[in-house]
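Inspection log for the structure reproduced underneath, given as structure tokens.
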Amino acid sequence: MRQLLDRARFRHALRNTDNLHKLFRETLNEGTELIQRRFDSDEPITNLVALHASMMDFLLEHAWRQLIPNGAKVALVAVGGYGRGELHPHSDVDLLILLHPDAEQGSVLDSIECFLRFLWDLKLDVGHSVRSVAQCNEEAGRDLTIITNLMESRFLAGYKRLFNSMRRAIEPDRMWSSAEFFAAKAEEQRKRYSRGNLSSNLEPNIKECPGGLRDIQTIGWVLKRHYRADNLHDLVARGFINEAEYREMADGQELLWKIRFALHILSGRHEDRLLFDHQRTLAAWFGYADTDHSLAVEQFMQLFYRTTTRLQTLNERLLQLFDEAILQADKPVEARPLNRRFRAHNGYIEAIDQEVFHRTPFALLEIFLLLQQHPELKGIRAATIRTIRFSRQEVDQGFRQDLRARSLFMEILRQPLYVARELRRMNRYGILGRYIPAFGNIVGRMQFDLFHMYTVDEHTLNLVRNLHHFALPERTEEHPFCHHIMGRIPKRELLYLGGLFHDIAKGRGGDHSTLGMADARHFCQLHDLPKWDTDLVVWLVQNHLIMSMVAQRQDINDPDVIQEFARRMGDITHLDYLYLLTVADVRATDPNKWNSWKDSLLKELYNNTKRALLRGLDNPEEVGQLAAEQRRKALDILAREGVDEVAIRPFWESMQQDYFLQFSVEGLAWHAHRFLETDHLELPLVRVRRRTGKGGSEVMIISHDRDLLFADSTCLLDQLQLNIVSARLETMANGLILDSFTVLEGDGEPIDDDFREREIIDKLTTALAVDERPKLCMTRTLSRQMRHFDIPSRIDYCRDPAGQRTIMKLVTRDRPGLLAIIGEIFQHCGVRLHGAKIATIGAEAEDTFFITDRDGGQLAERAQYDCLQQQILSRIDG
């Protein structure tokens with residue numbers, strides 16, 4: 001391996017320089033440029049990290065000799081990753097400076113300070129500590145991180161006896177026995193996993209995620225502590241893995257190192273997160289190109305996800321083997337047979353022998369069923385995990401057609417417990433993708449957007465987990481409505497199959513719902529499901545998006561919309577299945593985006609549709625009758641509160657009929673109360689209803705009608721950091737206008753604070769009362785992630801079912817102040833806005849606007865359409 005620097009030339013320059021800082025800075029720059037050139041020329045990454053560490057050793061040793069007095073009893077030691085001899089372009093240079101007790105006074109400390117200041121002046125990312133051997137001993141004895149760093153320490157310069165003394169002091173016979181160390185490291189990894197930094201997240205941390213570099217380091221640390229081994233290849237010599245598995249681990253580490261090296265170069269800093277900012281560039285660096293069905297970045301990330309999954313499985317198996325060798329070695333073996341092929345061994349299931357899966361391939365599914373049926377078992381024993389991985393080729397076409405295998409898979413789905421857990425385990429060990437080949441295509445597949453938080457396979461398994469949770473009695477309080485519906489569906493396994501296949505065709509081009517229907521039908525027919533069952537699963541895959549789309553983009557208070565949706569459902573059974581699948585799907589896409597508003601929308605659509613189905617599809621509700629019923633119920637509420645019908649009659653008579661369909665009866669009564677306040681209060685009148693029963697808070701504005709009221713109101717709400725999810729604008733006969741906005745706080749929750757409510761009322765009242773318009777200076781800027789998605793605006797028009805309004809659907813990149821801009825455009829083009837439904841899908845805003853011309857009719861003039869098109873493209877895309 002060639003050295004980076006001409007060391008003889010450097011030493012010569014060092015003897016003759018009068019500017020130490022300049023020489024070291026220029027040498028560092030030269031070395032860094034050489035490393036980057038070698039990286040670009042595809043030199044093995046193992047060479048580069050070692051070369052970088054070697055170059056740093058060389059420079060630090062010479063800086064030490066220049067700045068620390070000769071003979072001083074002080075030592076310079078590399079620790080952490082640098083101690084392992086691994087250094088990426090912007091990794092921390094972790095140093096330990098060991099002091100002899102006699103050296104703590106006088107000029108030595110001043111020299112150390114001068115040395116460290118010199119390194120900082122060179123812009124090195126130095127992490128350092130200055131300790132005596134006794135202090136190291138004390139700190140390491142009580143801190144797992146410190147003992148781990150010191151285990152990897154490497155002498156660089158100075159008084160070596162101190163280093164040797166420190167190393168002796170931290171031996172396992174003096175502190176942190178190998179059993180204590182292993183147990184602590186296993187718990188540390190468990191906690192790291194529980195923090196939610198999944199490798200399947202769309203911006204994973206390549207160091208900390210499951211299957212990331214930290215998992216490999218954990219194996220190395222345990223190996224070093226217990227077996228005094230410095231090389232992962234010792235795992236082969238000790239029989240823990242074979243040569244092929246070692247190569248798999250080494251290849252995985254090299255890939256992660258290469259990605260990390262590139263991240264440091266791209267970001268110009270220490271960066272371990274695979275951010276959207278860098279993913280496209282990295283994909284190009286790694287040689288990927290867009291295809292008809294898959295972006296280069298998606299192909300690159302799939303390589304990453306699949307690699308970390310393999311590394312995670314190796315880590316899991318090795319830690320279990322270490323547990324047996326270190327913690328369980330002197331404990332008696334507790335073994336009992338489970339059947340002729342499997343037995344329980346100290347709480348884990350294992351195959352009777354290594355030929356089980358070859359003799360009876362269907363046992364590759366049976367083992368997961370047995371884990372469901374024996375909840376006392378903790379998992380699969382490490383040796384059997386290896387046998388499963390080496391036996392995956394047994395799962396072929398003949399295997400899939402074997403009645404025993406087909407029956408076992410369906411039995412797994414029919415179990416009352418651990419359905420999602422065992423499907424996830426099957427996926428991790430490579431069995432699920434072999435048994436359902438189409439599922440194998442989505443393993444590790446990401447979608448380069450901000451909507452889907454997980455890879456397709458992880459999202460799918462999260463969805464099945466959510467469905468399974470709906471059925472569990474202990475989770476009734478968490479999902480009461482879903483639990484109630486789940487209790488009456490006839491066959492849960494059909495719901496799980498709908499979930500498994502709903503996204504199975506992603507990444508193959510075309511409509512994934514349509515392509516997935518064919519996959520689902522083939523599977524159901526192969527497994528001899530009855531025709532009704534097969535048709536239901538196929539129907540769920542075909543329609544898995546429709547309920548969410550109708551809830552978020554259509555007017556679900558419109559009886560015609562509900563009637564059409566009910567016709568599509570056909571019966572309550574199909575509605576039940578689709579509702580459960582939809583809720584589980586939305587929650588599995590990004591659990592942080594699920595909120596009370598989405599929950600309320602889907603419940604309302606479900607209840608309205610169920611009512612229509614119970615009435616009969618040939619007996620739809622008449623709009624006038626429904627509006628009158630809403631009005632009567634609201635009047636009952638007002639009467640109980642002492643409000644005379646005569647007082648509110650002018651208000652209600654000034655409203656269009658559909659006003660009474662858009663709001664709950666509680667909302668209608670609340671509006672009436674607020675309208676009565678306008679008799680003695682100045683306008684605008686702004687009020688907040690914190691809890692609407694629909695998951696959000698309502699901000700109501702009653703004002704004299706004027707230009708740009710909607711634009712100004714949405715601008716102010718944006719400045720208040722409120723997210724608008726729907727809007728309704730009602731023009732009254734007396735020249736007043738009622739604007740109702742359903743809003744959520746930034747965390748997705750309704751307004752729930754007296755001070756916050758007063759802040760909103762005061763800001764809107766003050767700003768809307770003056771003639772001067774509020775400055776459209778948005779306080780929120782476009783997020784870092786959002787900047788990487790260029791979404792050209794798309795505009796579509798259609799008539800609403802009632803035929804009175806034009807529906808404009810706009811898809812564009814979400815951004816602060818978007819609704820205010822749209823409001824100005826409507827005003828400019830002579831368009832009147834009556835209502836809006838706001839949906840944000842990742843980086844996309846998918847907003848629906850119910851509009852008319854100034855006279856209340858549908859848009860008819862070509863000029864208005866052209867005006868909207870030109871203004872939106874110039875002001876939003878321009």
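Miscellaneous remarks
- Scope region 123-136; condition of a type outside the set (A, V, I, L, M), at negative phi and not in a strand (DSSP E or B); matching residues: Asp125, Gln135, Cys136
- Here is the figure for region 329-345: residues that are surrounded by 14 or more Cβ atoms within 10 Å (Cβ to Cβ) and farther than 19 Å from Ala363 by Cα total 0.
- Residue within region 565-586 that is open to solvent by 10 Å² or more (accessible area, probe 1.4 Å), modelled with pLDDT under 90 and under 29 Å from Leu500 (Cβ atoms) present: no
- Gly642, sole failed condition from (1) farther than 25 Å from Leu494 by Cα; (2) under 32 Å from the mean Cα position of the chain (by Cα): (2)
- Those helices (runs of 4 or more DSSP H) of region 559-655 in which 1 or more residues are under 23 Å from Asp535 (Cβ atoms) occupy 559-569, 572-589, 596-615.
- Residue ID - surrounded by the fewest Cβ atoms within 10 Å (Cβ to Cβ), chosen from residues in region 60-90 that are small (Gly, Ala, Ser) and over 23 Å from Asn19 (Cα atoms): Gly71
- Residues being without any contact (Cβ under 8 Å) to a residue 12 or more places away in the chain, under 24 Å from Arg424 (Cα atoms) and part of a loop (DSSP other than H, G, I, E, B) - total across region 297-348: 0
- Scan of region 791-821 for residues that are farther than 17 Å from Ala727 by Cβ, open to solvent by 30 Å² or more (accessible area, probe 1.4 Å) and within 28 Å of the chain's Cα centre (by Cα), ordered by number: Pro792, Arg794, Arg813, Arg815
- Of all residues in region 794-829, exactly one satisfies the criterion of being modelled with pLDDT of 90 or more and in a loop (DSSP other than H, G, I, E, B), namely Cys829.
- Index of the failed condition, Ile35 passing every other in (1) farther than 23 Å from Ser153 by Cβ; (2) surrounded by fewer than 19 Cβ atoms within 10 Å (Cβ to Cβ); (3) of a type in the set (A, V, I, L, M, F, W, C): (2)
- Residue count, region 741-790 (criterion: surrounded by fewer than 12 Cβ atoms within 10 Å (Cβ to Cβ), acidic (Asp, Glu) and modelled with pLDDT of 70 or more): 6
- Top-ranked residue of region 174-195 - restricted to ones that are outside any helix (DSSP H, G or I) and of a type outside the set (A, V, I, L, M), ranked as modelled with the lowest pLDDT: Arg195
- Picking from residues in region 206-237 that are of a type in the set (Asp, Glu) and assigned to a loop (DSSP other than H, G, I, E, B), the one that is surrounded by the most Cβ atoms within 10 Å (Cβ to Cβ) is Glu208.
- Test: residue in region 602-609 that is closer than 30 Å to Gly624 by Cβ, open to solvent by 20 Å² or more (accessible area, probe 1.4 Å), in contact with a strand residue (DSSP E or B) (Cβ under 9 Å, 6 or more places away or on another chain) and modelled with pLDDT under 95: no
- Counting residues in region 649-656 that are free of Cβ contacts under 8 Å to residues at least 40 places away in the same chain and more than 47 Å from the chain's Cα centre (by Cα) gives one or more.
Conditions (1) without any contact (Cβ under 8 Å) to a residue 12 or more places away in the chain; (2) in a helix (DSSP H, G or I), marked per residue:
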position	(1), (2)
Arg25	no, yes
Glu30	no, yes
Ile35	no, yes
Asn47	no, yes
Leu59	no, yes
Asn70	yes, no
Leu76	no, no
Gly81	no, yes
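- Count - residues of region 843-859 that are surrounded by fewer than 22 Cβ atoms within 10 Å (Cβ to Cβ), among the small types (Gly, Ala, Ser) and farther than 24 Å from Tyr659 by Cα: 1
- Taken over region 277-296, residues that are assigned to a helix (DSSP H, G or I), crowded, with 16+ Cβ neighbours inside 10 Å and either charged (D, E, K, R) or without any contact (Cβ under 8 Å) to a residue 60 or more places away in the chain (or both) amount to 7.
- Residue tally, condition part of a helix (DSSP H, G or I), open to solvent by 10 Å² or more (accessible area, probe 1.4 Å) and more than 27 Å from Ala551 (Cβ to Cβ), over region 668-708: 5
- Odd one out for Phe523 among (1) of a type outside the set (D, E, K, R); (2) in a helix (DSSP H, G or I); (3) over 27 Å from the mean Cα position of the chain (by Cα); (4) surrounded by fewer than 18 Cβ atoms within 10 Å (Cβ to Cβ): (4)
- Residue within region 527-534 that is open to solvent by 40 Å² or more (accessible area, probe 1.4 Å), out of contact with any helix residue (DSSP H, G or I) (no Cβ under 7 Å at 6 or more places or on another chain) and on the phi > 0 side of the Ramachandran plot present: yes
- Among the residues making up region 851-866, those that are of a type outside the set (Ser, Thr, Tyr), within 14 Å of Tyr797 (Cα to Cα) and part of a helix (DSSP H, G or I) are Arg862, Gln864, Asp866.
- Remark: pairs (first residue in region 373-385, closer than 9 Å to Arg317 by Cβ; second residue basic (Lys, Arg) and surrounded by 15 or more Cβ atoms within 10 Å (Cβ to Cβ); Cβ separation under 6 Å; 6+ apart in sequence or on different chains) = Ala382/Arg317; Ile385/Arg317.
- Total residues in region 137-173 satisfying the condition of being in a loop (DSSP other than H, G, I, E, B) and in contact (Cβ under 8 Å) with a residue 24 or more places away in the chain: the figure is 5.
- Residue ID - farthest from the chain's Cα centre (by Cα), chosen from residues in region 265-276 that are part of a helix (DSSP H, G or I) and buried (at least 18 other Cβ atoms within 10 Å of the Cβ): Ile265
- Screening Asp251 against (1) free of Cβ contacts under 8 Å to residues at least 60 places away in the same chain; (2) in a helix (DSSP H, G or I); (3) of a type in the set (Asp, Glu); (4) under 30 Å from Trp176 (Cβ atoms) leaves a single unmet condition, (4).
The values are calculated or read from the model by the stated rules, or taken from the named source; none is laboratory data. Quantities reported herein were computed from a predicted structural model and do not represent experimental measurements. Note: ideal-geometry Cβ built from the backbone for every residue, glycine included; neighbour counts use all protein chains shown. The area values use the complete protein model at the heavy-atom level, side chains included, leaving out ligands, DNA and RNA. Shrake-Rupley method; radii C 1.70, N 1.55, O 1.52, S 1.80 Å.
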